[in-house]
Amino acid sequence: MLKRQMSVKVKICGITNVEDAIVAAEAGADALGFIFYEKSPRCVALEKAAAITRDLPPMIVKVGVFVDAAEEVVLRAINECGLNLLQFHGAESPEYCLQFGLMSMKAFQMRDAESLSHMADFKTDAWLLDAYSAGKLGGTGERFNWDLAVEAGKLGRPIFLAGGLTPENVAEAVRRVQPYAVDVSSGVEDAPGKKDHAKVKAFVERAKGRMGAV
């Protein structure tokens, strides 16, 4: 399982090009997310993701994001992109999530207290909490009730907090929820899959409590 630490980790998700990846890494992001789900506006071809990951510093955690993917798709992405962490956003079973021999986390859409009820069934290394949005699986830019995240944090797994985070509210989110990591995509974008580099830098700085963020 992922270990807790003093400083919050930052994951920039929906990376589709090498320029955004390098900016995020140089800004101090700890992890980058690559979405292998064809219906996502931030989907990246496996071959392109593999090319991007080859240019990343070795300490960056490379996260593959999947939605009910065939096992062979996940295995190919692991091998070709050198993934370190698998993120599952669909209706995957607990057994499915744990079968790949790699760190994994299950994403949950937070709607109300009932949303917490099945989380403990998933013995993944972490849980990602995102906002509930009918018909959508994430990346909506919507925020949910952070009190639910606080309760989820008591259930024994590191929490990746997502959903509506921006440079303007991430410091408050870290203070209130004290998650293992914060996860952002649309909150630092010019358009789906294209990051605003100034927002990326400000988000990382403010999440980690650095001075001088603009």
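The values are calculated or read from the model by the stated rules, or taken from the named source; none is laboratory data. No experiment lies behind these values; they were computed from the predicted model shown. Don't worry about glycine lacking a Cβ; one is built from the backbone with ideal geometry, like all the others, and counts go over all protein chains shown. The accessibility values were calculated without ligands, DNA or RNA, using every heavy atom of the protein model including side chains. Shrake-Rupley method; radii C 1.70, N 1.55, O 1.52, S 1.80 Å.
Extension gain, Asn17-Asn169: 0.36 nm per intervening residue step, less the Cα-Cα distance, totals 52.1 nm. Computed over protein heavy atoms with a 1.4 angstrom probe, the accessible surface ordering of His118, His89, His197, largest first, is His118, His197, His89. Here the sum of -39500 (n - 2.57) over DSSP H runs of 4 or more residues, divided by the residues of the chain, equals -8000 deg cm²/dmol at 222 nm, to the nearest 500.
Label-to-label distance, Glu26 versus Lys194, with points set 7 angstrom from Cα along the beta-carbon direction: 2.0 nm. Atom-type composition of the exposed protein surface of the chain places 52 percent of the accessible area on carbon and sulfur (1.4 angstrom probe). A 1.4 Å probe run over the protein chains yields, for the chain, 46 Å² of accessible area per residue, whole-number rounding.
Which of rounded, prolate, oblate describes the chain, given a ≥ b ≥ c as roots of the alpha-carbon gyration tensor eigenvalues and a/c under 1.5 marking rounded, otherwise prolate only if a/b is larger than b/c? Rounded shape, in that the Cα axes give a/c under 1.5.
One quarter of the convex hull surface built on the alpha carbon atoms of the range 4-71 amounts to 5.4 nm², the projected area averaged over directions. Using the Cβ-Cβ distance between Glu71 and Glu114 with R0 = 30 Å, the FRET efficiency computed as 1/(1 + (r/R0)^6) comes to roughly 0.50.
Coordinate range of the alpha-carbon atoms in the range 53-127 per principal axis, descending: 42, 24, 17 Å.
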